[in-house]
Amino acid sequence: MTISHHPPEELLADFAAGTLEEAHQLVVGVHVAGCPRCARFVQAIEQLAGAALEDVQPVPIAPDAFDRVMSRIQESPKERAAPPPASGTDHDLPPALRKYRIGKRRRVAPGLSLRPIELSGSGNARAFLLRSAPGSRMLEHTHTGTELTLVLEGSFSHEGGRFGPGDFDYGDDEIDHRPIVGDECPCVCLVAMTGDLRINGFFGRLIGPFVRL
Amino acid sequence: MIAAIRAFKVPIRAEAGLSRRVAARLSIGASKGPKAKVDWADLIGRVALGGDREAFKRLFEHFAPRIKGLMLKAGCTADEAEEIAQNTMIAIWRKAHQFDPATAGAPAWIFTIARNLRIDLLRRRVRADRLQSGSELPDEPDQAETADILLSRVQDSARIAAAIKQLSAEQSMVVRLSFIEERPHPEIASTLGIPLGTVKSRIRLAMNRLRDILDEEA
């Protein structure tokens, strides 16, 4: 798979620094896990962070910290085994997604269904898998807000280009597209969307008129 | 913009000692002097192989206070920074066998552990605030909740290290202040004595430059 649309670099740097909210971190992380080019960028930011760690002014740690750490290590020296994947039967999903619980598919409009992804509840954006029928066409809408979209299967196109598996689309209020889903097969995307009614981007336009997520 | 977690950060602390810290920050990229270079990767390897307590103590003494320092800079409270520093050291012991010098330098690897623990801590805290009760929450997150989702690593650490050296000192500095220390742009402008617009354009240039260098190296 050739990836031709990548997240903005600032988003990758926020991802590397660990400052994205969960839904955004998930979508960017799944892209990065499948994109060596962006993985290199993230690793470069991590190396810069490592250099910052070396340069930072040390701050004294609690006097008993080493002993406390050692006694906790002695209690359980090894990592706990990872639990079985939460969404164990979804072998088609990218590995980074399998540890999340994913809700049942529900139909939101003709040719359109979504599966919500259970997050920890700390952020303001939701994440979900969205499946749309081949050849679906969008109505024009105007919204504000931000939406991150990662194509997992199939494709869609708008004036920004064609988006196939692994491609990342960053939608904000400056962009006004009329996307069309590719004819070849259903399009499955991982989407992070702010829980605001004023939503934007491909799928915001698609489902905005029909559902409140 | 995207970083909602930032909204939960404590306000920037009182800027006592600012000038000294600024001076220290501005030494980025400067020579480290004749200080003997410790092979942290070797120490981590000794922890992985034989549970070498002496090696671990040296790692602890060097990194725990630095993790705490960096977490404080990035807006954690003193208690949070202490907790993250201690938990990071425990994770270093437990994950030492996973450390691969081909994918990251030791400080970068340790940063990623601390970063993930901080994400977990902030998420639990936000969730606890929202539930208005900490009692339902486990002390340690499940594996399923941890932030560690970057599964593929590029075996390229030496080339990545060479690439970031090609950034100018100014560019490295602005990336560090903005993303790693999470300073707001107006504060970066006053710290560096440059206009706000220059901060934004310098970040953009640094991002583009880093992409270009990495693409050329690939």
If we scan region A:41-55, do we find a residue that is in contact with a Leu (Cβ under 6 Å, 6 or more places away or on another chain) and either open to solvent by 10 Å² or more (accessible area, probe 1.4 Å) or within 17 Å of A:MET193 (Cα to Cα) (or both)?
no
All-but-one check, A:SER4 against (1) among the small types (Gly, Ala, Ser); (2) open to solvent by 30 Å² or more (accessible area, probe 1.4 Å); (3) facing another protein chain (nearest Cβ under 7 Å), failing number (3)
With the first residue restricted to region A:6-26 and required to be free of Cβ contacts under 8 Å to residues at least 12 places away in the same chain, and the second required to be part of a helix (DSSP H, G or I) and among the charged types (D, E, K, R), Cβ contacts under 7 Å at 6 or more apart or on different chains are A:GLY18/B:ARG115; A:GLY18/B:ARG118; A:THR19/B:ARG6; A:LEU20/A:ASP14
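Report whether or not B:ILE28 is at pLDDT below 50, of a type in the set (Val, Ile, Thr) and surrounded by 15 or more Cβ atoms within 10 Å (Cβ to Cβ). I'd like the intermediate steps shown before the answer.
Values: at pLDDT below 50: yes; of a type in the set (Val, Ile, Thr): yes; surrounded by 15 or more Cβ atoms within 10 Å (Cβ to Cβ): yes.
So B:ILE28 passes the test.
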Subset of region B:186-218, residues closer than 20 Å to A:PHE15 by Cβ and touching a residue at least 40 places away in the same chain (Cβ under 8 Å), comes to B:ARG209, B:LEU210, B:ILE213, B:LEU214
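For region A:107-122, how many residues meet the condition of being within 19 Å of the chain's Cα centre (by Cα) and either of a type outside the set (Val, Ile, Thr) or part of a loop (DSSP other than H, G, I, E, B) (or both)?
Going residue by residue through region A:107-122, those that are within 19 Å of the chain's Cα centre (by Cα) are A:113-122.
Within this subset, residues satisfying the condition of being either of a type outside the set (Val, Ile, Thr) or part of a loop (DSSP other than H, G, I, E, B) (or both) are A:113-116, A:118-122.
Total meeting the criteria: 9.
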* To do: Kindly indicate whether A:GLU22 is more than 21 Å from A:ARG162 (Cβ to Cβ), buried (at least 22 other Cβ atoms within 10 Å of the Cβ) and within 17 Å of the chain's Cα centre (by Cα).
  => yes
Of the residues in region A:33-59, those that are in contact (Cβ under 8 Å) with a residue 60 or more places away in the chain and more than 7 Å from every other protein chain (Cβ to nearest Cβ) number 2
Filter region B:150-170 for residues that are in a loop (DSSP other than H, G, I, E, B) and of a type in the set (D, E, K, R); the one that is surrounded by the most Cβ atoms within 10 Å (Cβ to Cβ) is B:ASP156
*State whether the residues of region B:151-170 include one that is modelled with pLDDT of 90 or more and among the polar types (S, T, N, Q).*
yes
Would you confirm, using the coordinates I've provided, whether A:LYS104 is in a loop (DSSP other than H, G, I, E, B), at pLDDT 90 or above and open to solvent by 50 Å² or more (accessible area, probe 1.4 Å)? yes
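Residue by residue through region B:171-198, note down the ones that are of a type outside the set (D, E, K, R), assigned to a helix (DSSP H, G or I) and more than 13 Å from chain A (Cβ to nearest Cβ).
Narrowing region B:171-198 to residues of a type outside the set (D, E, K, R): B:171-175, B:177-180, B:184-186, B:188-198.
Now restrict to residues that are assigned to a helix (DSSP H, G or I): B:171-175, B:177-180, B:185-186, B:188-192, B:196-198.
Answer for region B:171-198, where residues must be of a type outside the set (D, E, K, R), assigned to a helix (DSSP H, G or I) and more than 13 Å from chain A (Cβ to nearest Cβ): B:PRO186, B:ILE188, B:ALA189, B:SER190, B:THR191, B:LEU192, B:LEU196, B:GLY197, B:THR198.
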Over region B:84-111, the set of residues more than 9 Å from chain A (Cβ to nearest Cβ), in contact with a Lys or Arg (Cβ under 8 Å, 6 or more places away or on another chain) and closer than 20 Å to B:GLU181 by Cα is B:ILE84
Filter result for A:LEU12 (facing chain B (nearest Cβ under 7 Å) and not basic (Lys, Arg)) = no
Check: Taking the condition touching a Gly at 6+ places or on another chain (Cβ under 9 Å), surrounded by fewer than 18 Cβ atoms within 10 Å (Cβ to Cβ) and free of Cβ contacts under 8 Å to residues at least 24 places away in the same chain, does A:PRO63 pass?
Finding: no
Scanning region B:55-104 residue by residue, those free of Cβ contacts under 8 Å to residues at least 40 places away in the same chain, farther than 22 Å from A:THR19 by Cα and open to solvent by less than 20 Å² (accessible area, probe 1.4 Å) turn out to be B:ALA55, B:PHE56, B:LEU59, B:PHE60, B:ILE90
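The values are calculated or read from the model by the stated rules, or taken from the named source; none is laboratory data. Worth saying up front: this structure is predicted, and the values here are computed from it rather than measured. Cβ atoms come from the backbone with ideal geometry, glycine included; neighbour counts cover every protein chain shown. Surface accessibility is based on the protein's heavy atoms, side chains included, excluding ligands, DNA and RNA. Shrake-Rupley method; radii C 1.70, N 1.55, O 1.52, S 1.80 Å.
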